Amino acid sequence: MSCRRIEKDLEAYLDGEVTEAVAEAIREHLARCRSCEALLAELQGVGTALETWKAPDPSPGLRARIGARLAEEGARENHEPVPPEVRAREFEEDRRTATQAEKDGLTEAGRAGAVTVEESRDRFR
């Protein structure tokens, strides 16, 4: 087997996904090729590192933000009232969009796609 072929098959070899004939050919090649033997050792090291790696726990703040967002989405799906702090945040986001449209000098036609402050206020009354 050539080094190019070995490189393609090494991961499958490590995972036991090659036939016995292919595995034997790989072992024979590895016995005489230091470059492919080094690649095998590198792949084994990566595999070991991945097996022992543990993802860090999310911060309490992230958990709280995700929980709040899921609660908001659930409230909307169930047509429950949106909490005032959520309405205020959305109002502020809409206000920033309208203010930016004014700063950008959009024409009336161009502003048609942007939410105006008045429209935003009407939405939350």
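The values are calculated or read from the model by the stated rules, or taken from the named source; none is laboratory data. Just so it is clear, the model here is predicted, and its values are computed rather than measured. All Cβ positions, glycine included, derive from the backbone under ideal geometry; neighbour counts span all protein chains shown.
Computed quantities for the displayed model
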| quantity | calculated |
| --- | --- |
| Test: residue 81 is over 24 Å from the mean Cα position of the chain (by Cα) and at pLDDT below 80 | yes |
| The range 16-28 residues that are in contact (Cβ under 8 Å) with a residue 24 or more places away in the chain, paired with ones that are in a loop (DSSP other than H, G, I, E, B) and surrounded by 11 or more Cβ atoms within 10 Å (Cβ to Cβ) (beta carbon under 6 Å, 6 or more apart) | 25/1 |
| Index of the failed condition, residue 16 passing every other in (1) in a helix (DSSP H, G or I); (2) modelled with pLDDT of 85 or more; (3) loosely packed, with under 10 Cβ neighbours inside 10 Å | (1) |
| Residue in the range 55-73 that is touching a residue at least 12 places away in the same chain (Cβ under 8 Å) and not in a loop (DSSP other than H, G, I, E, B) present | yes |
| Output for the range 19-33, where each listed residue is part of a helix (DSSP H, G or I) and of a type in the set (A, V, I, L, M, F, W, C) | 21, 22, 23, 25, 26, 30, 31 |
| Residues of the range 35-59 satisfying the condition of being closer than 23 Å to residue 2 by Cβ and in contact with a helix residue (DSSP H, G or I) (Cβ under 7 Å, 6 or more places away or on another chain) | 35, 36, 37, 39, 40, 43, 44 |
| Some residue of the range 34-46 being under 30 Å from residue 87 (Cβ atoms) and either without any contact (Cβ under 8 Å) to a residue 40 or more places away in the chain or not in a loop (DSSP other than H, G, I, E, B) (or both) | no |
